[in-house]
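I'd like to ask some things about the structure below.
The values are calculated or read from the model by the stated rules, or taken from the named source; none is laboratory data. As the structure is a computational prediction, the values presented were derived from the model and not from experiment. Cβ placement follows ideal geometry from the backbone for every residue including glycine, while neighbour counts extend to all protein chains displayed.
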């Protein structure tokens, strides 16, 4: 039989390791209330006083500091420090660096910052194995097709609260534009280009809405459990055109006449599974056809080719593009 004292010490070690992994770097911080909630969810429930005592004990060994400048008070690692619970092997480190490079550009800046400490750990792990491996990140470059807008700025503390509510499935109380103290049941996040949307329901209503994260002014995580609408699925919700991209539930049989150069990339990245591209005619045009959802964004895509593309079918889309082209000509005049 294991002595009680050994069991208590084992629990304490688990608790401290869990807290070390939860504490963020400055300027982000985590309160003892939130730590207590996470520990409780992990089966390591203790009093707030015990957590405070543990944190002060940890601070004698690790560079963690208590920020008491504004409420809620919170703990952070000093800027530049990254806690390493487990050392990465070179293959794990390479995989993490590749993943970070790929996905950080698809995340809001406030989310991407959480990858930085782990990338540093991964690079240090590579350096410990080989100088050649350490230079790996300089051998890969990723570029974005098309013009890219700057991401909307999101307050870090609000981002933390939103993620906390989502992870713990708690109701959020927030200020949104001119609306004060709105109670939101958070159901998920949708990343659309450089804007992040919180999907949820308000109060006790069942209608699902979206809120742009950068427009949230204040956000508090309550202790109340959220309620998920019966049958709700975030993926299906997005596919129904919730963010205004889907024009209708019908499929479009698209037929385009395109210049060879403009259509070249479609042989590698087709518009649909059933895409067909004809051989070029004598004047250097090809016909591209395929079946795809009736979305607003592919209309913008077509307009981006300018005079290098002509819509043949469907006729309704062709008329829509003609109207747009006429208005553009009126805007620019006869110059």
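Would a scan of region 269-283 turn up a residue that is under 36 Å from the mean Cα position of the chain (by Cα), part of a helix (DSSP H, G or I) and modelled with pLDDT of 95 or more?
no
Something else: Say whether the condition of being within 18 Å of the chain's Cα centre (by Cα) and loosely packed, with under 14 Cβ neighbours inside 10 Å is met by at least one residue in region 175-185.
no
For region 167-203, enumerate the residues that are closer than 22 Å to residue 236 by Cα and without any contact (Cβ under 8 Å) to a residue 24 or more places away in the chain.
Of everything in region 167-203, those that are closer than 22 Å to residue 236 by Cα and without any contact (Cβ under 8 Å) to a residue 24 or more places away in the chain turn out to be 167, 202.
For region 278-296, what are the residues that are within 19 Å of residue 317 (Cβ to Cβ) and surrounded by 14 or more Cβ atoms within 10 Å (Cβ to Cβ)?
285, 286, 287, 288, 289, 290, 292, 293, 294, 295
Please determine whether any residue of region 258-267 is loosely packed, with under 12 Cβ neighbours inside 10 Å, in a strand (DSSP E or B), touching a strand residue (DSSP E or B) at 6+ places or on another chain (Cβ under 9 Å) and at pLDDT 90 or above.
no
Right, here's the next one. Output the qualifying pairs, or none if there are none: Cβ atoms under 7 angstrom, residues six or more apart or on different chains, first residue in region 83-107 and on the phi < 0 side of the Ramachandran plot and modelled with pLDDT under 70, second residue part of a helix (DSSP H, G or I) and surrounded by fewer than 15 Cβ atoms within 10 Å (Cβ to Cβ).
Listed pairs, sorted by first residue: 83/21; 85/17; 85/21.
Please work out if residue 211 is out of contact with any helix residue (DSSP H, G or I) (no Cβ under 9 Å at 6 or more places or on another chain), buried (at least 17 other Cβ atoms within 10 Å of the Cβ) and either modelled with pLDDT of 90 or more or farther than 30 Å from residue 308 by Cα (or both).
For residue 211, the condition - out of contact with any helix residue (DSSP H, G or I) (no Cβ under 9 Å at 6 or more places or on another chain), buried (at least 17 other Cβ atoms within 10 Å of the Cβ) and either modelled with pLDDT of 90 or more or farther than 30 Å from residue 308 by Cα (or both) - is met.
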